[in-house]
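Enquirer: The structure under discussion is supplied below as structure tokens; questions concerning it will follow.
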DNA sequence: CGGTAAATTGACTGCTCTCAATTTACGTGG
DNA sequence: CCACGTAAATTGAGAGCAGTCAATTTACCG
């Protein structure tokens, strides 16, 4: 493994340890909620706990694979790369979400690329393990279906709020999204890179920069620390829904 | 029931008869494919066969309901109505697709509105019937999950192709979509109303009209009969992917 | 302290929206 | 079968937002 630090702390995709689902502190959010402890006794293949630094690739679109990830911490971007190399972010998924669920329908090829936007902790679950457990606990199939329904709901909201309208409103919705799903205890959020924000709302990088600069000038977005911003949720919400100032 | 004809033939939402899943000629596409004949012996509630004229409402967003529809013929638009009355079409679903699947996750409120874009034939399946069958045939849960995955895949494609870029390219993708899913044996398609096309690609009605008029002038789109159009798939495909004339 | 990549800003062009007028289509009633 | 009325579609003119290209500044890592 090479060590090319993207941040001062770590580093590379790392194997952190064997997952202990029985004592998972967020099991209620995870794919395996509802399964009895004994279900984890005799797994066909182990579940590993992985740490991905920002920018690390969980998997790439079109590649063969046999594992699903459930996110314990951080934000994962699902993206599509066009023929010309342009990127479009289709979803941002946080703690409790599962990625790679398309493999459960028999295929073995990922439909999108999954890239860590943050420092991400995720459990790597082999598809064979899920299929074995599904056979024994039919409830798991319903769980997976609920996860898909969540993805669908979130994507629909994505399309409605960030898919059309003036760039300023779309970015306002993105900020609200980040506040809702990634804010720390102080309500502060870590902004995406300009390129990523552009890939979410479907505009050019320059437009993103201009709009964000304008929000800062008007005091709707305030820098509280390196990479940490606080936004005036009230005003941004008004901006997102109305079409004024 | 009032009778306000939208076309010369019928008319109103009609009960056509009891569905006979055992002899369904497109059962392989439907939700119940894979179920043995005997599964239909003792349903808790009957499955009805419904005919919806263009514009008929299958259900409206936010309303209570307890049935899922599977489409046998025609095109159904799933749409969201904004606070200002503006409509945005999130998906167009054709034969073999199921709508209202969100009810299977325990809720009883539809998340979108479903409206017939065409003359639509659909089977009305009570949720209790599906749940009872799921208990007996776990395979059905997987079927429903696959349907959701299909919706998700289609929505992703929708976002990528019709969610950004110049209006001309987005409309080109819409024409290709209609050709793929609704063309008759001659390859001809029935265009949506200008308002509906605008609600799909997220532009104004005027822009749609201008682009369509331009395509007609250039011979890429030809009227072969009332409401029936034939398009030069080759040229439209080039237009959809490249950015030139 | 230096180098590379990202972000910012400006000027200009072009596309799309809005508003408005006109034409066409279509169902209704004579 | 034809005349009429409403709604949809079409077309035009003008303004504004966003994209592109290019130059500059800033940030970040070694």
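Please treat every number below as a calculation from the coordinates, not as lab data. Fair warning: this is a prediction, and the values are worked out from it, not measured in the lab. Positions of Cβ are backbone-derived with ideal geometry, glycine not excepted, and every protein chain shown enters the neighbour counts.
Enquirer: Between helix B:205-217 and chain B, what is the angle of the helix's C-alpha long axis to the longest principal axis, kept within 0 to 90° and rounded to the nearest 10?
Expert: The answer is roughly 70 degrees.
Enquirer: Quick one: label points 7 angstrom along Cα→Cβ at residue A:83, distances to the other copies in nm, smallest first?
Expert: 4.2
Enquirer: Something else: Over segment B:187-245, what is the relative contact order in percent, taking alpha-carbon pairs closer than 8 angstrom and at least six residues apart?
Expert: Once divided by the residue count of segment B:187-245, the mean separation gives 33 percent.
Enquirer: Can you list, shortest first in nanometers, how far residue A:65 lies from the same residue in the other copies, with each label 7 Å from Cα toward Cβ?
Expert: Listed shortest first, these distances are 3.3 nm.
Enquirer: By counting other Cβ atoms within 10 Å of each Cβ, how are B:147, A:22, B:180, B:142 ranked from fewest to most? Don't skip to the answer; put the middle values down first.
Expert: On the way: B:147 23, A:22 14, B:180 11, B:142 20.
Lowest count first: B:180, A:22, B:142, B:147.
Enquirer: Same structure, new question: Over all directions, average the projected area of the Cα convex hull of the protein assembly as shown and note it in nm².
Expert: Orientation-averaged projected area of the Cα hull: 26.2 nm².
Enquirer: OK, next. Ordered shortest first, which distances in nm separate the 7 Å Cα→C-beta label point of residue A:235 from those of the other copies?
Expert: Its label point is 5.2 nm from the equivalent points in the other copies.
Enquirer: Return one number: the angle in degrees, 0 to 90 and rounded to the nearest 10, between the long axis of the Cα atoms of helix B:167-182 and the longest principal axis of the Cα atoms of chain B.
Expert: 40
Enquirer: Could you work out how far helix A:139-162 tilts from the main Cα principal axis of chain A, as a 0 to 90 degree angle to the nearest 10?
Expert: 10
Enquirer: In deg cm²/dmol and to the nearest 500, what is the mean residue ellipticity at 222 nm of the protein assembly as shown if only DSSP H runs of at least 4 residues count, each as -39500 (n - 2.57), divided by the residue total?
Expert: Values: 12 runs with 160 residues, N = 490.
Rounded to the nearest 500, it is -10500 deg cm²/dmol.
Enquirer: Considering Cα pairs under 8 angstrom that are at least six residues apart, work out the relative contact order of segment A:8-132 and quote it in whole percent. If you can, show how the numbers build up before the last one.
Expert: Values: 268 pairs, mean separation 43.2, N = 125.
Averaging sequence separation for qualifying contacts and normalising by length gives 35 percent for segment A:8-132.
Enquirer: Here is a follow-up. If you average the sequence gap of Cα pairs under 8 Å that are 6 or more apart and divide by the length of chain B, what percent do you get for the contact order? Intermediate results must be reported in sequence, preceding the final value.
Expert: Working: 408 pairs, mean separation 43.0, N = 245.
Once divided by the residue count of chain B, the mean separation gives 18 percent.
Enquirer: Order these by the 10 Å Cβ neighbour count, fewest first: B:170, B:73.
Expert: Details: B:170 22, B:73 13.
Starting with the residue having the fewest Cβ neighbours, the order is B:73, B:170.
Enquirer: Which order do B:155, A:207 fall in if you start with the one that has the fewest other Cβ atoms within 10 Å? It would help to have the intermediate numbers written out before the result.
Expert: Working: B:155 21, A:207 18.
Ascending Cβ contact count within 10 Å gives the list A:207, B:155.
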